[in-house]
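Colleague: My questions all concern the structure below.
The values are calculated or read from the model by the stated rules, or taken from the named source; none is laboratory data. In this text the structure is predicted, and so the values were computed from the model without any measurement. Please note: Cβ atoms are built from the backbone with ideal geometry, for glycine as well, and neighbour counts cover all protein chains shown. For the accessible areas, the whole protein counts, side chains as well, though only heavy atoms, and no ligand, DNA or RNA atoms are used. Shrake-Rupley method; radii C 1.70, N 1.55, O 1.52, S 1.80 Å.
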Amino acid sequence: AFATFGITLTLTQARGPMGLSKWDHIHQLLQDESIRGQWQASFQRLPTDADVDAIYARVMPMQIAKVGEFSDPIDGAPELLQWLRDKGLKIGSCSGYPREVLTQLLPQAAAAGIAPDHVVAGDELAAGGRPGPYMALANVLALGISDVRACVKVDDTVPGIAEGRNAGMWTVGLSLSGNEVGYSLQEFAQATQNGVDERVTAAEAKLYKAGADYVLRSVKDLPMVLADIAAKMRAELTAG
């Protein structure tokens, strides 16, 4: 989408603001010094909100067309969701995707075993998206959760961890399976162990710095963390 305006991004740059709603993601990219410089060189002015709107309008049809090609579940995720349901836990989802993209994605995800109880899109709350708590709290309301302190926000991005903290929830970051490491399955299969460890270490540090209570390599490892959180909550109740 940026290339249609003559602007070149690296994949690392494109991943940088991941977790924000797509409009905010584009806006943040345009604050990057090198991208902003390219824009100024091409158009003899700095980018404006109208330019964000224009890029967003290019992104949406591309994203709608492509999102299904990149919607395979993370290893262990369908089994995790079933485990959560078997435990009587409710599952809410917050997305940086706008509703029109989710309309395309959610049926495909459900067919593959990923079907949260409620999903909030990044463009449907007047209060805004991440890093604010609004999407997370909209899930709390929709799912009828009585105590936000008993909620766990799982996310692979810095804005997503901030969202959970701002909502008063426990926060769990994802490293290897998430955006901060950024491997495709093919890239992961070809990576060296040192290369994997370096990326995971950097991702863990970034997510902990954002305020994550825990960081896991994959969402499939979540049950052990939930058990630890439950034990800590029981201990607090006993102490109180």
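Colleague: Test of understanding: in a Gaussian network model of the chain with alpha carbons linked when under 10 Å, which of Ala210, Ala127, Ala162 would top the mean-square fluctuation ranking?
Modeller: Ala127
Colleague: May I ask you to give the solvent-accessible area per residue for the stretch 169-230, in square angstrom, as obtained with a 1.4 angstrom probe?
Modeller: With all protein chains present, the stretch 169-230 gives 52 Å² per residue.
Colleague: Continuing with the same structure: Calculate the spin-label point distance for Asp147 paired with Lys232, positioning each point 7 Å from the Cα along the beta-carbon direction, and give it in nanometres.
Modeller: Between Lys232 and Asp147, the simple spin-label model gives 1.5 nm.
Colleague: Using a Gaussian network model of the chain with C-alpha springs under 10 Å, which one of Pro133, Pro17, Pro47 is most mobile by mean-square fluctuation?
Modeller: Maximum fluctuation in the GNM of the chain, among the listed residues, is at Pro47.
Colleague: Using a 10 angstrom Cβ neighbour count of at most 12 plus a DSSP loop assignment to flag exposed trypsin sites (Lys or Arg not before Pro), which longest range of the chain is free of such sites?
Modeller: 88-240
Colleague: So for Met169, Met233, Met224, what's the accessible-area order with a 1.4 Å probe, most first?
Modeller: Met224, Met233, Met169
Colleague: Would you list which aspartates and glutamates come within 12 Å of Lys220, measuring only between C-alpha atoms, while excluding same-chain residues fewer than 8 positions from it?
Modeller: Partners found: Asp75, Glu79.
Colleague: While we're looking at this one, here's another question. Just tell me, in residue order, which DSSP H segments of the chain are both 20 angstrom or longer along the helix axis (alpha-carbon based) and at least -0.5 in mean Kyte-Doolittle hydropathy.
Modeller: Those that clear 20 Å and a mean of -0.5 are 49-66, 222-239.
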